[in-house]
Every structure is written in structure tokens, then in C-alpha cells.
Amino acid sequence: MKLKELESHLQEVEGFEEPKILLEQYPTRPHIAACMIHTIASSFDDIENRSILDLGCGCGMLSIGCVMLGAGSVVGVDIDPDALDTCQQNLEDFEMDNVDLINASVEEAGLLFRNKFDVVVMNPPFGTKHNKGLDMKFLETALKLASRSVYSLHKTSTRDHVLKKAQSWGAKPQVVAELRYDLPATYKHHTKASVDINVDFIRFAVS
Amino acid sequence: MKLLTHNMLTSKAIKQVNTGYPLLIEARDVKVSEVEFNPEFIAKIIPKVDWDCLRRAAEQLGHLDKIPASVPDTYENQQEFLKQAHHVLLEIELINGDLVCPESNRKFPVTDGIPNMLLREDEI
């Protein structure tokens, strides 16, 4: 499937009915999700027939993208049962039957599985809502759960820290691309509807 | 929740639980659906499947007759076996019921196919 086709399909994915600000809930933009998944598939052969974990799956944007490009199986984990409801609705609308969902937090996730997935994909919370360091908690957990690679998004401003930490955890990180991202408004006193930040799309090789 | 997923799940995050595997299934609603057969993928994951756990799970869902007793040596080339494995791993789903930790007896409810593995603060 071509990138443009994937993106236009992902535009049909329903977002959160009532996004929970404290969980930093927002759907990954279809354009970004499509670029991510398409690159993972074509440049790294990490989608087709792979077992994939979508950590913090939210409404399922990345999971759906993975299925569209031929993932063997996908498991989506999220802490919010309402998000999982939306995700399940999306999976039904897209008639996808090989995605399983689990309601769990990143704390439980590290010990939840007896064996590893081939690949972990995620767009973790950036830690901007009184949850500083949460993106690194996601990364640490993801690295424990993948046997081949982890693909993730992190603020470019934290790049050095992310790369160093990943290496200390035994991974070989590679910044695949730098993207521009509009993060939705946060507190009531913020006047802009969204703010643009630079985001790194990073591949962490585990094996 | 498919049996492929159940085959991976543990309750090890609960403190004082050693292995937390396999989780027992108390099934209330089970669904059988049709999922596209991908023999290449099934052959890849067979080595990762705990076959005893899978058999017990199939039994707890009332589908023991569907699962071969063991994995044949040349399973990669046996279409019939791969098809049966595919059926048990991906087409039989627990919709409502509970998963039970074998050590602590802690129940994890499964609702609409989604297991709730969230733990309380005092359990971690």
C-alpha cells in the first residue's frame, strides 16, 4: 500500500470522544502515523508478519496502520478503558479482527507478558502534565518487551537525554526523522489552540 | 481476547507472585470468528507458544476438541496442523469472564473481549 493511500485510510480513524488532558490523550495525526508505519515497513521490514505491541494505543491509530501493512498480530495496551472502547469501535469499523486489546498501565506492562513481541510501536505521553519522565518509563518498558526493535516519538529537545538513556539500557538508537507536530492545547490559560514542537521519530534496535 | 494473547499473559506484576502463569480462565461468553489464515505467521509463532497452556485454555473455553495434542516435528510444512493451530490461537475468543492468577487467586475481569489487568497500589 502506498503512503498516500495509508494516510487517507487513517484519516477515518475516530479520535477520543472526551480526551483526558492529564493522560495527554490525542490521536497521532494520520500523516505522522502513516509516515511512521510506512517507514517501519519499507525501510526496516518490521511490520509484515511481525508480532507487534502498541504501547499506549489510545484510539488505535498506530495499531490500525500496522494491520493495514500486514502485521502478523497486534496487541494494544492502554490505561484508559474509554480509549479502549473508542479503539474497539475503530477496529470494528475497519473490520480488523487480529488486534487484541488489554487494559493496563505501563507499570504492569513490563511484567505482563511471558515472552517478547518482535516490535513495539508507540507515541508515548511526553510528560507535560505533571507526569515528567513518563516518556522514559514508556521507553524503558518497551525495550524490555521487544526482541527486534522499538519505534517511538520523543521531543527533539530531549534527544540527547533519550539517546543516552537508551544506550545505557542496551539499545542502539537511530533518529529516523525529525517531524513537526502540533500538540493540542493544555491548560485553560493557554491562548493558542495548539503549539508546534519538533519531534524525533526514533528507532531503537534491540537485537 | 484470543488464546494467542492469553498464552502470553502473566500476573507477575503482583508483588509476591513468582511466575503468575498460566492464568486460569473462567469463561462466561466465548465467540468463534473467522480470521484470515496466514500460514507463514502461524509457523513463526508456534515455537513461542506454550502448548500445554494453550490446551488447558482451549479446554476452559470448551474447545478442547479443536486442538492437536502436540506440535509435530515438521509443523512448518503441515498445512492441516497450521490451520488447526490458527483456529485455536486466533479464532476462539473469550468475550466475558475472568482470568485468575494461579498463585494469589486474584481475578482479572474480561469484558467485551478486553482483560482488565490494572492493579491497585497495594498490589504492586
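The values are calculated or read from the model by the stated rules, or taken from the named source; none is laboratory data. What you see is a predicted model, and the numbers here were worked out from it, not measured in a lab. Using ideal geometry, Cβ is built from the backbone for each residue, glycine included, and neighbour counts are taken over all protein chains shown. Calculation scope for accessible area: heavy atoms of the full protein, side chains included, ligands and nucleic acids excluded. Shrake-Rupley method; radii C 1.70, N 1.55, O 1.52, S 1.80 Å.
Since only B:L82, B:P39, B:L64 are under comparison, the one whose Cα sits farthest along the positive direction of the charge dipole of chain B, derived from C-beta charges on Lys, Arg, Asp and Glu, is B:L64. What does the charge count near B:V110 come to, summing +1 for each Lys or Arg and -1 for each Asp or Glu among other residues with Cβ under 13 Å from its Cβ? Residues near B:V110 contribute -2 overall.
Taking the Cα centre of the protein assembly as shown as origin and assigning +1 to Lys and Arg Cβ atoms and -1 to Asp and Glu Cβ atoms, the resulting dipole is close to 1400 debye.
All other residues whose Cβ lies under 9 angstrom from that of A:G58 are scored, Lys and Arg at +1 and Asp and Glu at -1, for a net of -3. All other residues whose Cβ lies under 13 angstrom from that of A:A34 are scored, Lys and Arg at +1 and Asp and Glu at -1, for a net of 0. For the peptide A:48-58, the mean number of other protein chain Cβ atoms found within 10 angstrom of a residue's Cβ is 2.
For the stretch A:20-157, what does the alpha-carbon gyration tensor say about shape, rounded, prolate or oblate, given a ≥ b ≥ c as the root eigenvalues, a/c under 1.5 as rounded, and a/b over b/c as prolate? Rounded, because the longest to shortest axis ratio a/c is under 1.5. Bridges between two residues of the protein assembly as shown, per DSSP, are antiparallel at a rate of about 65%. Counting only other chain Cβ atoms within 10 Å of each residue's Cβ, the peptide A:65-78 averages 2.
For A:H9, the solvent-accessible surface with a 1.4 Å probe is about 70 Å², rounded to the nearest 10. Averaged over the residues of A:94-106, the number of partner chain Cβ atoms lying within 10 Å of the residue Cβ comes to 5. I need the shape label for the stretch A:78-207. Rule: rounded when a/c is under 1.5, else prolate if a/b > b/c, else oblate, with a, b, c from the alpha carbon gyration tensor. Taking the square roots of the gyration eigenvalues as a ≥ b ≥ c, the stretch A:78-207 is oblate.
Spin-label pair B:N105-B:Q84: with each label point 7 Å from Cα along the Cα-Cβ axis, the two points sit 3.6 nm from one another. The relative contact order of the stretch B:1-115, computed from alpha carbon pairs under 8 Å that lie at least 6 residues apart in sequence, is 39 percent. Answer rounded, prolate or oblate for the stretch A:65-116, using the Cα gyration tensor with square roots of eigenvalues a ≥ b ≥ c: rounded when a/c is under 1.5, else prolate when a/b is larger than b/c, else oblate. Oblate, since a/c reaches 1.5 and b/c is not below a/b. Using +1 at the Cβ of each Lys and Arg and -1 at the Cβ of each Asp and Glu in the protein assembly as shown, identify which of B:T5, A:I47, A:T128 lies farthest towards the dipole's positive end. Farthest towards the positive pole: A:T128. Each Lys and Arg Cβ is given +1 and each Asp and Glu Cβ -1; about its Cα centre, the stretch B:27-124 then shows a dipole of about 120 debye.
Protein-only accessible surface at a 1.4 angstrom probe places the residues B:T74, A:T156 in the order B:T74, A:T156, largest first. Measuring r between the beta carbons of A:D196 and A:I21 and using R0 = 22 Å, the FRET efficiency lands at 0.75.
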